[in-house]
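Structure, as structure tokens:
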Amino acid sequence: VLAVTSIAWTAELPPPDKLPSRLDMPHPLEMLDGRRVNTRQDWEKQRRPELRALFQHYMYGEYPARPQKVQGRVLFEDAQFLNGQGTLREVELTFGPDDWPKIYLLLALPNGRTPAPCFVGLNFGGNHLLTAHEKVRMPTVWMPGHYPGVVQNRATAEGRGRQANVWPLEQILARGYAVATFYCGDIQPDRPHVREGMRATLPERPTETGRETATIMWWAWGIHNAVDYLLTDSRIDGRKLIVVGHSRLGKTALLAGAFDERIAVVIPHQSGCGGAAPSRHHNPKAETVARINATFPHWFCGHFKAFGADVTRLPFDQNGLVALCAPRPVLLTNAEEDQWANPAGQFEVLRAAAPAYELYDVPRPVVADKMPPLNTLSPERLGYFIRPGKHSMGPEDWKVFMDYCDKWLR
Ligand code: GTR
């Protein structure tokens, strides 16, 4: 059963320059025509579908059709991973014709806990960077040149285990969590102007409609394909899936969570502009919509480009994307020196998403009223954490992810 909310959107939406200018983040419960919903039912039946449609049309592009079926083929399984602490498995996921991309999903399962809650998310440079296990498949698709062991944009065995700190499997298994991750480039390579990956499966030129599926949307859709598979695995607790990702892949984690209610907890780590940071902001150190569109033109759809010159015309802000996760827990994690990702702006986004959560019968407050001090988890349903240091994901971040999930999933 594909539980992803499908979007029926037929109304004509105005071009970006015909939208009204709004200086503040639009209220998540206010419809495009100005009416405000104030019941859970109107939110779920009217405003939530509208908001999902607006994010597709103006920012991430169309959510692609769900595959008929996602099929998994186990490539290897080692039941004695890390001296028997866990099981390591790699699974090839097929979800279309033979010439379509495939996902290579690396699964680490704690041997002592079945079914286990499971983190799911994309990695930047291939599964083989996350463990030195020699059975892990060497990716054959395009790779960014600066990743360990990459030669002429292809992965080599030199990379094995070189980024094991980013997804610390041993630490995660020790706390009874499972991990499911795959290389983002399995679905769509992280570069513009190429017809590769899922984009190459489309009949027309992808940049013509303005609302063409952009890379971050393809990635989020890929995560949903992995979720389809995870729900068939009896060693995983399908009610306890946590989506996580760092930076551009954190933007993806938030979008994936906002569009798929099968995901129980959403953790965009240092996701910044286009993720959990506001598009409207005055932080001189933080990334802007104009800048992100210029540097990464493939991440967002054509319509989004128009907002670089005037973000006040956006009919939503990123508080709307967080609101789409309601009432599920969302944790925003940040680092003090990573001002590019706008940590303080992200806290404002979190607060401005709260009205959607308050429609539900859940304990109050749903969000803290002030940003917590450094190294102090604000464990609310809309949670927040900021540590000292830089733009990175590592063991200390995973500790916080798991502390938060212990609270919400046990
Ligand atoms: C930066 C980009 C950010 C963030 C980051 C990353 O260059 O400006 O939005 O996505 O890359 O993914 O590490």
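The numbers here are math on the coordinates, done by the rules we state, and not lab data. No experiment lies behind these values; they were computed from the predicted model shown. So basically every Cβ, Gly included, is an ideal-geometry build from the backbone, and we count neighbours across all protein chains shown.
Is it the case that THR232 is hydroxyl-bearing (Ser, Thr, Tyr) and more than 22 Å from SER271 (Cβ to Cβ)? Can you show your working first?
On the way: hydroxyl-bearing (Ser, Thr, Tyr): yes; more than 22 Å from SER271 (Cβ to Cβ): yes.
So THR232 fits the description; yes.
Inside segment 37-94, can you point out the residues that are in a strand (DSSP E or B), buried (at least 19 other Cβ atoms within 10 Å of the Cβ) and not β-branched (Val, Ile, Thr)? Let's see the steps before the verdict.
Filtering segment 37-94 down to residues in a strand (DSSP E or B) leaves 71-80, 86-94.
Next cut, buried (at least 19 other Cβ atoms within 10 Å of the Cβ) only: 72, 86-91, 93.
Residues satisfying the conditions are GLY72, GLY86, LEU88, ARG89, GLU90, LEU93.
When you go through (1) over 29 Å from ASP24 (Cα atoms); (2) touching a strand residue (DSSP E or B) at 6+ places or on another chain (Cβ under 8 Å); (3) within 16 Å of the ligand (Cβ to nearest atom) one by one for LEU231, which number turns out not to apply?
Every listed condition holds for LEU231 apart from (3).
For a quick check of your reading of the model, give me the residue pairs whose first member lies in segment 27-45 and is without any contact (Cβ under 8 Å) to a residue 24 or more places away in the chain, whose second is β-branched (Val, Ile, Thr) and in a loop (DSSP other than H, G, I, E, B), with beta-carbon atoms closer than 7 Å and at least 6 apart or on different chains.
Partner pairs satisfying both residue conditions: MET31/VAL37.
Per-residue answers, yes or no, for (1) assigned to a helix (DSSP H, G or I); (2) surrounded by fewer than 19 Cβ atoms within 10 Å (Cβ to Cβ); (3) of a type in the set (Phe, Trp, Tyr):
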site: GLY176; (1), (2), (3): no, yes, no
site: ALA180; (1), (2), (3): no, no, no
site: PRO192; (1), (2), (3): no, yes, no
site: MET198; (1), (2), (3): yes, no, no
site: TRP218; (1), (2), (3): yes, no, yes
site: HIS224; (1), (2), (3): yes, no, no
site: SER234; (1), (2), (3): no, yes, no
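Output the residue which, of all residues in segment 235-279 that are away from the ligand (no atom under 15 Å from the Cβ) and among the basic types (Lys, Arg), is farthest from ARG351 (Cα to Cα). So that I can check it myself, show each step before the final result.
To start, the set of residues in segment 235-279 that are away from the ligand (no atom under 15 Å from the Cβ) comprises 235-243, 256-267.
Within this subset, residues satisfying the condition of being among the basic types (Lys, Arg) are 235, 239-240, 262.
On the way: ARG235: 36, ARG239: 26, LYS240: 25, ARG262: 24 Å.
Taking the candidates together, the pick is ARG235.
Select from segment 124-162 the residues that are in contact (Cβ under 8 Å) with a residue 40 or more places away in the chain, surrounded by fewer than 22 Cβ atoms within 10 Å (Cβ to Cβ) and within 16 Å of the ligand (Cβ to nearest atom) and write down the one among them that is farthest from the chain's Cα centre (by Cα).
PRO144
Using beta carbons and a limit of 8 Å, which pairs, at least six apart or on different chains, have the first residue in segment 333-355 and over 12 Å from GLU287 (Cβ atoms) and the second one assigned to a helix (DSSP H, G or I) and within 13 Å of the ligand (Cβ to nearest atom)?
Short answer, once both residue conditions are applied: ASN334/ALA341; ASN334/GLN346; ALA335/ALA341; VAL349/GLN318.
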